[in-house]
Amino acid sequence: MEHKSRIYKIAVCSLFTALTAVGAFIKIPIPVVPFTLQFLFTILAGLLLGGRLGAVSMGAYAFLGLAGLPIFAEGGGFWYVLKPSFGYILGFILAAYVTGRMTEKLKRISFGKVLGACFVGLAIVYGMGMVYYYIICNYVIHTPIGLWPLFLYCFLMVVPGDICLCFVAAALTKRIRPVITRM
């Protein structure tokens with residue numbers, strides 16, 4: 001995407017910021033951390049825009065939510081940094097960057113390599129999300145959570161859906177990315 005115009009880059013970053021916001025409202029309520037489509041659009045941002053622009057789009061999403069727009073799964077505003085689930089949003093930024101960097105230089109897009117990058121992004125989002133959740137609950141808002149409940153509610157109950165989203169993202173990337181690179 002290096003040869004694309006500045007306006008094009010702003011437009012595609014904005015598109016993925018908006019898609020992630022919409023994905024926050026497409027959710028299945030699960031105790032503690034709801035399952036949403038935010039992860040799908042996060043990974044697609046990295047895979048289709050590249051690491052830098054993917055991270056910019058997720059950074060813009062985080063900034064707009066913290067600025068007060070109710071675009072996170074449970075609202076918005078600066079107070080959201082005290083919500084235990086905010087770590088997942090921070091993970092979106094890094095996951096978009098890493099998945100994008102892992103795949104942006106590939107000459108040939110293979111489903112397996114893209115899926116591997118998706119799983120790395122999944123590990124980043126859940127790793128950052130769970131660590132943040134644990135720290136905020138146990139040391140900031142003083143609502144202690146043990147390691148087993150953390151693992152159960154913040155990983156086991158929601159990760160199957162996100163694993164499926166990894167397969168969807170890999171399939172979409174394999175189909176869409178060749179078209180984007182020709183534009």
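Each value in this text was obtained by applying a stated rule to the coordinates, not by laboratory testing. Everything numeric here is computed off the predicted structure, so don't read it as measured data. Because the Cβ atoms are built from the backbone with ideal geometry, glycine has one as well, and the counts that use them run over all protein chains shown.
Using a simple charge model, +1 on the beta-carbon of Lys and Arg, -1 on the beta-carbon of Asp and Glu, nothing else, what dipole does the range 1-131 show about its Cα centre, in debye to the nearest 20?
Dipole size: approximately 480 debye.
What is the sum of charges around residue 49, taking Lys and Arg as +1, Asp and Glu as -1, for the other residues whose C-beta is under 11 Å from the C-beta of residue 49?
Cβ neighbours under 11 Å give a net charge of +3.
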Exercise. Roughly how many whole Å is it from the C-alpha centroid of the range 1-54 to that of the range 58-121?
Worked result: 7 Å
For this session: Would you kindly derive the ³J(HN,Hα) couplings of the range 27-40 from the backbone phi angles with the Karplus curve 6.51 cos²θ - 1.76 cosθ + 1.60 (θ = phi - 60°), listing them in order in whole Hz, with x for Gly and Pro?
Result: 9, 10, x, 10, x, 6, 10, x, 7, 10, 9, 4, 4, 4
Exercise. How much length is gained if the chain between residue 142 and residue 69 is pulled fully straight, taking 0.36 nm per residue apart and subtracting their Cα-Cα distance, in nm to one decimal?
Worked result: 23.6 nm
Exercise. At q = 0.15, 0.26 Å⁻¹, what is the log10 ratio I(q)/I(0) for the range 129-183, with the Debye formula run over Cα points and no solvent?
Worked result: -0.59, -0.95
For this session: Compute all pairwise cysteine Cβ distances in the chain, then list the cysteines with no distance under 4.7 Å to another cysteine.
Result: 13, 137, 154, 164
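Normalised by the empirical 2.2 N^0.38 Å for globular proteins, what value does the Cα Rg of the range 83-183 take?
Numbers: Rg = 16.1 Å, N = 101, 2.2 N^0.38 = 12.7 Å.
So the range 83-183 has a normalised radius of gyration of 1.26.
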